[in-house]
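Below: the structure, in structure tokens.
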Amino acid sequence: MRTKITTITDVAESQLCAGCGACGYLEPDGIEMVDDLYSGRRPVVSPGVDTAHLLESCPGVGLSRPDTGESGYIEELYHAWGPILTVYEGAASDEAVRFAGSSGGAATALGLHSFERDHAHGVLHIGARADVPWLNETVLSTRRDEMLERTGSRYAPASPCDRLDLIDEAPGPCVFIGKPCDVAALAKVRKRRPELDAKIAFTVAIFCAGTPNAAGTLALIEELGGDPAKPVGLRYRGNGWPGEATVTGSDGEIIGAMSYDESWGRVLQANRQWRCYVCMDHTGEYADISVGDPWYREIEEGDPGQSLVLARTPLGRKVIEQARRDGYLDIAETEAWKLPKSQPNLLADRGAVWGRMATTRLMGAATPRYENMPGFRYWIHELGFKAKAQAFYGTARRVFTKKLRKRHPVNPYRGGADPKA
């Protein structure tokens, strides 16, 4: 019997939760965001708290492609990739930012420009927890050193919307950087909180192929020779393009390193949360600006890194152009074909999601709802017979192995550095 979703607890226990933290922000006295090592960031609802009204702000239960009322979108990209006005390619002009960033440092450069030159107060984004560096926490960076310390992708559960109160309390507008689901959640929350909406300078979404759970991070640390019980340093990539996954000791010395392809492709990807398998938005359709890797070409040895940057709104394009004029971005408009060529797996995955959802519904498990986000056409045209079969049979297997028809109560991890504590 398919679970009827009427509360935030239903969302979390049916494995539809994206872990964004929006519900925790909207009900801070009744919901606590916690780390569940095998699920991700999850809400724990206090007894007696009514959460039905929060579902309209939850990206986990579904999404509807935003209609901004603007014209001029790139027509050949719209159906698959959402609203895009201009495609850019380039990198941060500052070599230190470019080197530290995951793919050219464009997101970091945009954040720096916002409060160094464009009168924003700061940037709400994700950083490593000081006491347990293999976990994430939401931070508000207002200085250059803070932004540089928090560069690089964080392939672990994060809930940046849980601390939107930091923007509420800030003396001026702030930038928001997050995964596509986080930005989608913020877009929904802004409709309910006009005072918050007025304090969002602009939003940046990072291309995302799924969020691994914390157990995946622990597996990576252990493979690299680290000890999670100690406050090890962990970078998933960056410090070069695409950079290596590295674990460092308290003295900063590298304990172990692994290529990006191996760390993501072999270790982390196998630990993605279920909700990511049925996600239609991997490139941030709700954002003003989206940033990802231009994988359309081979990376040459020593390449310092490039970013593919999408201006999705007039505001986003204005921000990019101003950052370029002020010398923060070395960037230029580029051809639209580079986006699908750079992310071919994401386009195919859009079709696979349709097949996964059809199978999941057929087998009685909960699924998200999507409006104006086509999937069937990509199921038909982007997937061969083998991929179609895999979408069905692979999903049917996961319904049993992940127990998608059963409820999964959140199991909060409240220990210290040692996950076994």
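In table form, for the structure just shown:
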| item | result |
| --- | --- |
| Long-range amide H partners of Val34 with built H, under 5 Å | Arg42, Val44 |
| Amide H partners (placed H, <5 Å) of Gly243, local residues excluded | Gly238 |
| Distance from the range 297-331 to the range 27-78 (C-alpha centre basis), Å | 28 Å |
| Charge dipole (debye, nearest 20) of the range 330-398; +1 at Cβ of Lys and Arg, -1 at Cβ of Asp and Glu | 540 debye |
| Options Ile331, Cys161, Ile177, ranked by Cα towards positive dipole end of the chain, top entry (Cβ charges) | Cys161 |
| Sequence-distant aspartates and glutamates (8 or more away, or on other chains) whose Cα lies within less than 14 Å of Lys403 | Glu13 |
| Scattering curve values for the range 1-85, log₁₀ I(q)/I(0), Debye with Cα scatterers, q = 0.23, 0.26 Å⁻¹ | -1.02, -1.23 |
| Counted charge near Lys188, where neighbours are those whose Cβ lies closer than 12 Å (Asp, Glu -1; Lys, Arg +1) | +1 |
| Relative contact order of the chain, pairs being alpha-carbon contacts under 8 Å that are 6 or more residues apart, as % | 23 percent |
| About the Cα centre, charge dipole magnitude for the chain (Lys/Arg +1, Asp/Glu -1 at Cβ), debye | 2000 debye |
| Neighbour-count ranking [beta-carbon atoms within 10 angstrom, fewest first] of His121, His282 | His121, His282 |
| Approximate spin-label separation Ala130-Gln322, in nm, with each point projected 7 Å along Cα-to-Cβ | 3.2 nm |
| Length added when fully stretched, Ile254-Leu362, from 0.36 nm per residue minus Cα-Cα | 34.0 nm |
| Nitroxide proxy distance, nm - points 7 Å out along Cα→Cβ at Thr401 and Glu70 | 4.1 nm |
| Cross-link partners of Lys318 among aspartates and glutamates (Cα-Cα below 18 Å; sequence separation of 8 or more within a chain) | Glu70, Glu89, Glu116, Asp118, Glu285, Asp288, Asp326, Asp330, Glu333 |
| Dipole of the chain [Lys/Arg +1, Asp/Glu -1 at C-beta], most positive-end residue of Pro304, Ala198, Val34 | Val34 |
| Environment charge at Thr138 (Cβ cut-off 9 Å; Lys +1, Arg +1, Asp -1, Glu -1) | -1 |
| Straight-distance crosslink candidates among lysines, where the alpha carbon sits under 20 Å from Lys179 and sequence neighbours closer than 8 are dropped | Lys188, Lys191, Lys199 |
| Spacing of the two label points (7 Å from each Cα toward its C-beta) at Lys386 and Arg192, in nm | 4.6 nm |
| Counted charge near Thr246, where neighbours are those whose Cβ lies closer than 10 Å (Asp, Glu -1; Lys, Arg +1) | +1 |
| Magnitude of the charge dipole, the range 282-421, Cβ model with Lys/Arg +1 and Asp/Glu -1, debye to 20 | 1440 debye |
| Efficiency of FRET between Ala270 and His119 - r from beta-carbon atoms, R0 45 angstrom, step 0.05 | 0.55 |
| Gain on full stretching of the segment that runs from Tyr393 to Glu169 - 0.36 nm per residue minus C-alpha separation | 75.7 nm |
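All of the numbers you see were taken from the coordinates with simple rules; none came from a lab. It should be emphasised that the depicted structure is a prediction, and the values quoted were computed from it without experimental measurement. Positions of Cβ are generated from backbone atoms using ideal geometry, with glycine treated the same way; all protein chains shown enter the neighbour counts.
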